[in-house]
Amino acid sequence: MTLKLYDTYTRSLRDFEPIETGKAGLYCCGPTVYNYAHIGNLRTYVFEDVLRRTLEINGFEVRHVVNITDVGHLVSDADDGEDKMAAGARRTGKTAWEIAEIYTEAFLEDLQHLNVLSPTVLCKATDHIAEQIEGIQQIEAKGLAYTTSDGIYFDTAKDPDYGYLARLDREGLQAGARVDQGEKRSVTDFALWKFSPADEQRQMEWDSPWGKGFPGWHIECSAMAAKYLGPLFDIHCGGKDHIPIHHSNEIAQSQACYGTRLSNYWMHGYFLQTDKSKMSKSSGEFLRMQSLIDRQYDPMAYRFLCLLAHYRSDITFSWDNLDSAATALGRMRETYLSWDTNGEPDAGFVERFMAFINDDLNTSQAIALSWELIKSGLPSGVKRATMDRFDQVFGLQLAQWQPPAQEELPKEVVALAKQRQQARADKDWAAADAARDELAALGYEVVDTADGFELKQR
Ligand code: AMP
Ligand code: ZN
């Protein structure tokens, strides 16, 4: 069965044809580790994980490379302002190196919570300064770079294809450019190397042929992707915000260095937003994985929520949506647990599942198909084996799930609830209310049921 993927570069659905038979090289832009990842960022990693699992279920051996941006990403994607790492260091009172370590660890924990498979290679920008310098030298040698008082810049006017990925209106952009584009020749030019200020010792800086400084953000991805996957590989991913700047710049650099557009397919995940505005780390307040866990949500409920939408449509986050996803996942888990374990997958359902997932990762249809499977008259062992197959792509860990152990209720709580039940039977409403209040004070809610009562911890 053919796997169709939407390629932003050609703006079309294309049959996936790997460069090397049976293999797939996949590069995903990783986090800028100056803060925790927010759940919007995590949606992008879930999308990329579903893509990887889809490639794998189709029999491709995936080499999955993810970078860690621990230097060079400036506060504005257009290369203005401070390095985000320096801003993070100032915010926390820690060094840039310390925060890189802390937030990289936190990011990896988030991925584990969401059952995102570990990349084959996880590479840090700061471990690849030499490769980046070499890339900049190649760009310079082609006459595509120029020097300003604060760094070395890519001269986008000299690249006729610049911005094709984003279908950038270069003339329009230039005409509307702010007067303060500084010494940049064109508004779309971007930094390859930034000089350390003469009067300042930066926490992160390196020697280079151009003096002390640090690499621009975009060169790290071109350099590391080419190092670990070659100068032309199969699929490059990121969030859709990367189309007009970061990925356009990666392509320009790779064109200059290797004469390739770096990747055969360019895929982009749409955003998770709140109340119509995008969630962003720089806005200060944002939800992260731990915010959901603190509110007693299972991280898998968030993964389930992501699967409910196509990766090329935005999701508006709300607690109600997350509640619905958690309830649906709970139902799926309990049903799964009730099934027998002795069956083989149903060929018809598996084929329909593959058709959805191979149609540009249509996870929402695939989830709908799961409900159809649940309701079907197939033997439960067959349902279970079929669902196991689906879960290779969903990654919901259905087979690992255990219902939470019922905690033993404290004796005094049960005694109080019984006292209340007796008071109600005696129509002593004051005593019944008093017992309910006492239970509430102990953190329990009592709910009357047909055959007695149920206690819920609040
Ligand atoms: P960053 O750590 O900011 O470099 O972003 C990490 C990844 O998250 C990138 O692929 C971004 O494109 C993506 N991203 C950023 N904001 C969002 C959002 N609100 N929803 C989905 N993905 C996002
Ligand atoms: Zn990147």
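The values are calculated or read from the model by the stated rules, or taken from the named source; none is laboratory data. Because the structure is predicted, anything quoted here is derived from the model rather than measured. A quick note on method: Cβ atoms are made from the backbone with ideal geometry, for glycine too, and the neighbour counts reach across all protein chains shown. Heads up: the accessible areas ignore ligands, DNA and RNA and are worked out on the full protein's heavy atoms, side chains in. Shrake-Rupley method; radii C 1.70, N 1.55, O 1.52, S 1.80 Å.
Rounded to the nearest 20 debye, what is the charge dipole size of region 384-458 about its Cα centre when +1 sits on each Lys and Arg Cβ and -1 on each Asp and Glu Cβ?
Numbers: 10 positive and 14 negative charges, 36 e Å.
For region 384-458, the charge dipole is close to 180 debye.
Work from the charge dipole of the chain (Cβ charges, +1 for Lys and Arg, -1 for Asp and Glu, about the Cα centre) and give the residue of 348, 425, 144 farthest towards its positive end.
Towards the positive end, the residue furthest out is 348.
According to the Cα gyration tensor, what semi-axes, each the square root of 5 times an eigenvalue, does the equivalent ellipsoid of the chain have, listed from largest to smallest in whole Å?
Working: eigenvalues 484, 171, 62 Å².
In descending order the semi-axes read 49, 29, 18 Å.
Got a sec? Charge dipole of the chain, +1 on Cβ for Lys and Arg, -1 for Asp and Glu; which of 111, 99, 209 is way out at the positive end?
So the residue furthest toward the plus end is 111.
Given axes a ≥ b ≥ c from the Cα gyration tensor, I'd like to know whether region 312-458 is rounded (a/c under 1.5), prolate (a/b larger than b/c) or oblate.
On the way: a/c = 3.55, a/b = 2.36, b/c = 1.50.
Prolate.
Counting only pairs 8 or more residues apart or on different chains, how many lysine pairs in region 133-264 have their Cα atoms under 18 Å apart?
On the way: 142/158; 158/184; 184/194; 194/212.
Going through region 133-264 pair by pair, I get 4.
May I ask you to give the solvent-accessible area per residue for the chain, in square angstrom, as obtained with a 1.4 angstrom probe?
Working: 21150 Å² over 458 residues.
Per-residue value: 46 Å².
Give me the dipole magnitude in Debye, nearest 20, for region 29-93 about the Cα centre, with unit charges on the beta carbon: positive for Lys and Arg, negative for Asp and Glu. Before the final figure, lay out each step's value.
Working: 7 positive and 10 negative charges, 55 e Å.
Around 260 debye, computed over region 29-93.
Provide the gained length on full extension for the span residue 174 to residue 201, in nm with one decimal, where the gain is 0.36 nm per separating residue minus the Cα-Cα distance. List each step's numbers first, then the result.
Values: separation 27, 0.36 × 27 = 9.72 nm, distance 3.45 nm.
Stretched fully, the residue 174-residue 201 segment lengthens by 6.3 nm.
Residue 418 versus residue 291, label points 7 Å from Cα toward the beta carbon: distance in nm?
Placing both labels 7 Å beyond Cα along the Cβ direction yields 4.5 nm.
At 7 Å along the Cα-to-beta-carbon direction for both residue 56 and residue 323, put a label point, then send me their distance in nm to one decimal.
3.5
Using Cα pairs closer than 8 Å and at least 6 residues apart in sequence, work out the relative contact order for the chain, in percent. Present the calculation step by step, with values, prior to reporting the outcome.
On the way: 720 pairs, mean separation 77.2, N = 458.
About 17 percent, as a whole number.
What does the C-alpha gyration tensor say about the overall shape of region 376-447? Classify as rounded when a/c is under 1.5, otherwise prolate if a/b is larger than b/c, or oblate. Display every interim value, and only then the final one.
Values: a/c = 4.55, a/b = 3.04, b/c = 1.50.
Note, shape of region 376-447 comes out prolate.
In the chain, carbon and sulfur make up what percent of the accessible area (probe 1.4 Å)?
On the way: 10100 of 21150 Å².
With neighbouring chains kept in place, the figure for the chain is 48 percent.
Would you give the gap between the C-alpha center of region 287-322 and the C-alpha center of region 380-458, rounded to a whole Å?
If you average the Cα positions of each part, the centres end up 25 Å apart.
Of all GluC sites (Glu not before Pro) in region 395-458, which ones are in loop regions per DSSP and have a Cβ with at most 14 other Cβ atoms within 10 Å?
Values: sites: 407, 408, 412, 438, 445, 454; in loops: 407, 408.
Hits after loop and neighbour filter: 407, 408.
Take each complete run of DSSP H in the chain, measure how far its Cα atoms stretch along the helix's own axis, and keep only those covering 27 Å or more with mean Kyte-Doolittle hydropathy at least -1.0; list them. Mind showing how you got there, number by number?
Working: long enough: 319-338 (28 Å, -0.50).
What comes out of the filter, once short or polar helices are dropped, is 319-338.
Could you order the peptides 246-257, 160-171, 413-424 from most to least packed, using the average number of other C-beta atoms within 10 Å per residue? Intermediate results must be reported in sequence, preceding the final value.
Numbers: 246-257: 25.2, 160-171: 14.8, 413-424: 16.7.
So the order, starting with the most tightly packed, is 246-257, 413-424, 160-171.
Taking 10 °C and 1.306 mPa s as the conditions, I'd like the Stokes-Einstein D for region 1-99 in µm²/s, using the Kirkwood hydrodynamic radius from alpha carbon pairs. Spell out each step's value before the answer.
Working: Rh = 16.0 Å.
Result for D is 99 µm²/s.
Scan region 1-109 for trypsin sites (Lys or Arg not before Pro) in coil per DSSP, keeping those whose Cβ has at most 10 other Cβ atoms within 10 Å, and list them by number.
Values: sites: 4, 11, 14, 23, 43, 52, 53, 63, 84, 90, 91, 94; in loops: 11, 94.
Loop-located and lightly packed - 11.
If you average the C-alpha positions of region 63-133 and of region 197-214 separately, how far apart do those two centres end up, in angstrom?
19
Modelling each spin label as a point 7 Å along the Cα-to-Cβ direction, I'd like the residue 117/residue 438 distance in nm, to one decimal.
According to this spin-label approximation, the distance is 5.7 nm.
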